[in-house]
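Novice: First the structure, then my questions, so here it is.
Each reported figure results from applying straightforward, stated rules to the coordinates on display, with no laboratory input. Because the structure is a prediction, the values reported are computed rather than measured. With ideal geometry, Cβ positions are generated from the backbone for all residues, glycine too; neighbour counts draw on all protein chains shown.
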Amino acid sequence: MSLMTTSTIWILFPLVLSILLMAVHRLQKLSVWIACLGSLFLSIAAFVFPETLEFSLGSRNYIFDDTFLIFNRALTLTATQLRTVAMFYLFSFLWNIVGARFSVSRWFPTVSLATTALWVSTLAVEPFLYAALIVELIVLISVLLLTPRGEQAGSGVMRYLVSQTIALPFILLSGWMVTGIESAPSASVLILRGTVMILIGFSLWLAVFPLHSWMPMLAEKSHPWVFSFIFLMQQTSLSIFLLKVLDQFAWLRNLSGVFPAMQWAGVLTLLAGGVLASMQTKVNRILAYIVLIETGYSVLAIGLIGQGGGEALALSLLPRALAYWQWSYTLSSIHQIAPEIDGSFPSLRGLFTRLPFHSLSLIISLLGLLGLPGLGLFPAKRLLWNSGAGLTFGYTTLLGLAVAGMALFILRLMHTLLTNDPNLPTPGLSGKDEESLPRVLVLFLLTLLLLLLGMFPHIFLNPFLGILEPFIHLLPPS
Amino acid sequence: MVPLFLVNDGDPDLYAGGATLSETLRLIAVVVLLLSAAINLVRRQWALNIFALGLQYAGIFLIILEVRSPLLAAIKLIVGLMVSLMLYLTLVSSGLIESLVQRRRFSSGELFRGTIALLLFLISFLAASGLQESAFPQSSQLLLTASLGLILFGLFQMGTITEPLYLAIGLLTFLSGFELLYASLEFSRILEALFTAVNLSLALVGSYFIIKDVESRSA
């Protein structure tokens, strides 16, 4: 068993590191620094690692293998997958670097590093459907962070656990059911069963409408910083995993109706997210609807894979992560500055006069997620809107309604933030005291970054198209 | 003897089991297994539930012998007993455990769940042959009965309960049922290792939820 493999660096090493972090989790600063530096190192290493998987250091030449054998099975991490790995560890770095500022669990650095390594392993394990069990392990580890301190586990986290566990048999059984199906192309009943099982499994994992009911409950009770990290990773990894499934199973991608079914699932999910968001009066729950809408866009992108959906998915990954980061950072910062704000609309009334930069940041991050021109997600969403509308008129109407729903929520939030409670005295502009310069700088830099991503996508986002390289069957290189 | 048609991971040392138990003994094991799951669904008496969970894993051990060597089957039994012990110790340390022999009258909820359990029991026995014909011809009917029963009991438990202990028991029961089914379809050491890790993590999460529940109540 050779240890000079890519899996050793990006799966085993971070797992060992997270086990070591368990020992020092009480020393929060130290564990945060180790997690940050570890994630940053792994992200940069994955980004610059040579495609030949060999490099020279001094007089010595190091050759890495892309396959790590364990129990007669393999963990295969090819050079083309390293872009995705770099992105995962970048997310882990971004969430760890300021995580300690907020009162998240002391286990956050440990768990975030371990779950990132496990998400990478879901892309590497062969047979790849065994990843279902790794996803279950990630869920079980994640619930430790998702339950708030000093409170009993709510029904949201329990339902999350249940729905993710129920998905497991669907994915594993589908893999067994269609073993050797290529040699029996006439076995259409088996193909249909396998397809239905895979789609149900992914629907449960991704909380596609109408299987999302646990998500707002969970978002309301969990810390926004933790929630955004866990569901960003889950959403991104499972979208890429779904691409892998479609790439590996010719019978699945060649079955008529699979891609239209995904398109409808995506459109209905983002419609549900948009409509439900429009009626919300608690900003804590909005993160769930944001995740739901973005899941809808991801599923729609995969459904439109032949019409540029793959590119749209790849272009959306970084701006989406930054928008989640900005929203959860702003919300966590508001909770920290003003603990009396519980996230309900009445408690946010007139916040603009008190925390103007935070209020602006909330609105900008939502506008970014809406797909406003000039902001990071616009190029990807424009691609999807055009491709979707070009297929059928039904999509145009439903996409329009979904966007309108989200826009309505933004308008209501703006109205709430700008309007003072008539029963209370008008607060003065006390922002100078409460919004510290570093916090304002972070918000400003992030807004600037989102603007740059939107203005110059060819510079900042095109490298992310490399994420699609491993899927040579689904997206044959032109 | 039960026909075997197992996908395995190519290990020449693999001994896939041999249906060494007589049919009657296996039938008794299935009935005991499903009764244990039914007790967990119906009764709300923690000590009894943990005992039934342990008994459930003993039943799984006897049934899985059909498709696994005694050594591999024993791993499932040991993991199951460890899981039960972990939950038991959590309950003991929280001071909430009651005596195993304590007598309590049946509540209306328990009577309702008892009726449901009877229904699930019947469904498991009646649907197994159809399931075997249509989807899993290589699995024996008794194994499918046990597996289907555990999955149904687990699903029902998960769907109706919000108490951490019963959620953990529901999840473990559901997963056990699926493990039993999957064991008759495919063998892989890494899969066995991952299932073991998932079961132990589930017990840890269950214990964590119970502790949090107790802490929040006392606060």
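Novice: Can you give the mean number of other chain Cβ atoms that lie within 10 Å of the Cβ atoms in peptide B:187-198?
Specialist: Numbers: counts 0, 5, 4, 11, 7, 1, 4, 9, 3, 0, 5, 8.
Shielding by partners across B:187-198 averages 5.
Novice: Starting from the Cα of A:Met455, move 7 Å in the Cα-to-Cβ direction to define the label point; list residues of the stretch A:306-331 whose amide nitrogen is under 19 Å from there.
Specialist: So the set is A:319-320, A:322-323.
Novice: Another one. Could you check the spin-label model distance between A:Ala250 and B:Ser93? Points 7 Å from the Cα along Cα→Cβ, value in nm.
Specialist: In this crude spin-label approximation the distance works out to 5.5 nm.
Novice: Still on this structure: Go through A:166-173, A:252-259 and give me the packing order, highest mean Cβ count within 10 Å leading.
Specialist: Details: A:166-173: 22.6, A:252-259: 14.1.
Ranked by mean Cβ neighbours within 10 Å, highest first: A:166-173, A:252-259.
Novice: With r as the distance between the Cβ atoms of A:Asn72 and B:Ile78 and R0 = 25 Å, compute the FRET efficiency 1/(1 + (r/R0)^6) and round to 0.05.
Specialist: Numbers: r = 23 Å, r/R0 = 0.90.
The pair B:Ile78/A:Asn72 has a calculated efficiency of 0.65.
Novice: Helix B:70-94 versus the longest principal axis of chain B: what angle, 0 to 90°, nearest 10, using Cα atoms?
Specialist: 10 degrees
Novice: Mind ordering B:145-155, B:54-64 by average Cβ neighbours within 10 Å, highest first? Could you put the intermediate results ahead of the total?
Specialist: Working: B:145-155: 26.0, B:54-64: 22.5.
Most protected by this proxy first, the peptides run B:145-155, B:54-64.
Novice: Let's test the formula: R0 of 35 Å, r as the Cβ-Cβ distance of B:Ser218 and B:Phe112. What FRET efficiency results, to the nearest 0.05?
Specialist: Details: r = 31 Å, r/R0 = 0.88.
Calculated value: 0.70.
Novice: Right, another one. For A:Ala74, list long-range residues whose amide hydrogen, built 1.01 Å from N in the peptide plane, is under 5 Å from its own amide hydrogen.
Specialist: So A:Ala74 has HN proximity to A:Glu126.
Novice: Which of the three applies to the stretch A:362-423, rounded, prolate or oblate, going by the alpha-carbon gyration tensor with a ≥ b ≥ c and a/c under 1.5 meaning rounded? Could you put the intermediate results ahead of the total?
Specialist: On the way: a/c = 5.98, a/b = 2.01, b/c = 2.98.
Oblate, since a/c reaches 1.5 and b/c is not below a/b.
Novice: For chain B, take the longest principal axis of its alpha carbons; what is the angle in degrees between that and the long axis of helix B:189-218, to the nearest 10 within 0 to 90?
Specialist: Taking Cα atoms only, the helix is inclined about 10 degrees.
Novice: While we're looking at this one, here's another question. Whose amide H sits under 5 Å from the amide H of A:Thr5, counting only residues 5 or more places off or on another chain, with H placed in the peptide plane?
Specialist: For A:Thr5, whose amide H was placed from the backbone, the distant partners under 5 Å are A:Asp65.
Novice: Next question. Could you give the alpha-carbon Rg of the stretch A:344-478 over 2.2 N^0.38 Å, rounded to two decimals?
Specialist: So the Cα radius of gyration is 1.37 times the expected 2.2 N^0.38 Å.
Novice: Please determine, in degrees from 0 to 90 and to the nearest 10, the orientation of helix A:28-48 with respect to the longest principal axis defined by the Cα atoms of chain A, where the helix direction is its Cα long axis.
Specialist: Between helix and principal axis, roughly 50 degrees.
Novice: Evaluate the distance, in nm, between pseudo-label points positioned 7 Å from the Cα of B:Leu122 and of A:Phe393 along their respective Cα→Cβ axes.
Specialist: Going from the B:Leu122 label point to the A:Phe393 one covers 5.2 nm.
Novice: Take the alpha carbon gyration tensor of the stretch B:71-219, find the square roots of its eigenvalues, order them as a ≥ b ≥ c, and report rounded if a/c is under 1.5; if not, report prolate when a/b exceeds b/c, else oblate. Spell out each step's value before the answer.
Specialist: On the way: a/c = 2.45, a/b = 1.35, b/c = 1.81.
Verdict is oblate for the stretch B:71-219.
Novice: Pop a pseudo-label 7 angstrom from the Cα along the beta-carbon direction at both B:Leu85 and A:Leu441 and give the gap in nm to one decimal.
Specialist: Output for this residue pair reads 5.5 nm.
Novice: In vacuo Debye scattering of the stretch A:78-199, one point per C-alpha: log10 I(q)/I(0) at q = 0.19, 0.22 Å⁻¹?
Specialist: -1.11, -1.24
Novice: Could you work out the percent of alpha carbon pairs in the stretch A:1-126 separated by over 22 Å, rounded to a whole number? All intermediate terms of the calculation are to be shown ahead of the outcome.
Specialist: Numbers: 2857 of 7875 pairs.
So the pairs more than 22 Å apart make up 36 percent of the total in the stretch A:1-126.
Novice: For the stretch A:151-163, in order, what is each residue's ³J(HN,Hα) by Karplus, 6.51 cos²θ - 1.76 cosθ + 1.60 with θ = phi - 60°, in whole Hz (x at glycine and Pro)?
Specialist: Per residue, the Karplus-derived 3J(HN,Hα) values read 10, 6, 5, x, 6, x, 5, 5, 5, 4, 4, 5, 5 Hz.
Novice: Tell me, what ³J(HN,Hα) does each residue in the stretch B:153-159 have, in order and in whole Hz, if you take phi through Karplus 6.51 cos²θ - 1.76 cosθ + 1.60 with θ = phi - 60° and put x for Gly and Pro?
Specialist: Per-residue couplings from phi come out as 4, x, 4, 5, 4, 5, x Hz.
Novice: Right, something else. Which whole-percent values make up P(r) of chain A when all C-alpha to C-alpha distances are grouped in 20 Å steps starting at zero?
Specialist: 24, 58, 17, 1
Novice: Classify the stretch A:259-342 as rounded, prolate or oblate from the Cα gyration tensor: take a ≥ b ≥ c as the square roots of its eigenvalues, call it rounded if a/c is under 1.5, otherwise prolate when a/b beats b/c and oblate if not. Please list the in-between numbers first.
Specialist: Values: a/c = 5.41, a/b = 1.88, b/c = 2.88.
It comes out oblate by the Cα gyration axes.
Novice: Right, here's the next one. Place +1 on the Cβ of every Lys and Arg and -1 on the Cβ of every Asp and Glu in chain A, take the dipole about the Cα centre, and give the residue among A:Ala100, A:Tyr89, A:Leu468 whose Cα lies farthest towards its positive end.
Specialist: A:Ala100
Novice: Which residues in the stretch A:343-365 have a backbone N closer than 18 Å to a point placed 7 Å from the Cα of A:Lys282 along the Cα-to-Cβ line?
Specialist: Counting only backbone N, you get A:343-349.
Novice: Quick one: which residues, 5+ away or cross-chain, put their amide H under 5 Å from the amide H of B:Glu186? H built at 1.01 Å from N.
Specialist: Close amide H contacts, sequence-distant or interchain: B:Val7.
Novice: Across bins of 10 angstrom width beginning at 0, how are the C-alpha pair distances of the stretch A:121-267 distributed, in whole percent?
Specialist: Pairs per bin, as whole percents: 10, 40, 31, 14, 4, 0.
Novice: Taking 0.36 nm per residue of separation and subtracting the Cα-Cα distance, what length does fully extending A:Ala338 through A:Asp421 add? Working shown, then result.
Specialist: Values: separation 83, 0.36 × 83 = 29.88 nm, distance 1.69 nm.
Result for the pair: 28.2 nm of gain on full extension.
Novice: Test of understanding: in a Gaussian network model of chain B with alpha carbons linked when under 10 Å, which of B:Leu48, B:Leu87, B:Leu119 would top the mean-square fluctuation ranking?
Specialist: B:Leu119
Novice: I'd like to compare A:12-18, A:223-229: which one has the highest average count of other Cβ atoms within 10 Å, and what's the full order after that?
Specialist: Details: A:12-18: 19.3, A:223-229: 25.3.
For the peptides A:12-18, A:223-229, the packing ranking is A:223-229, A:12-18.
Novice: A follow-up question, please. Got a sec to turn the phi values of the stretch B:171-181 into Karplus ³J(HN,Hα) couplings, 6.51 cos²θ - 1.76 cosθ + 1.60 with θ = phi - 60°, whole Hz, x for Gly and Pro?
Specialist: Along the stretch B:171-181, the couplings run 5, 5, 5, 4, 5, 4, x, 5, 4, 4, 5 Hz.
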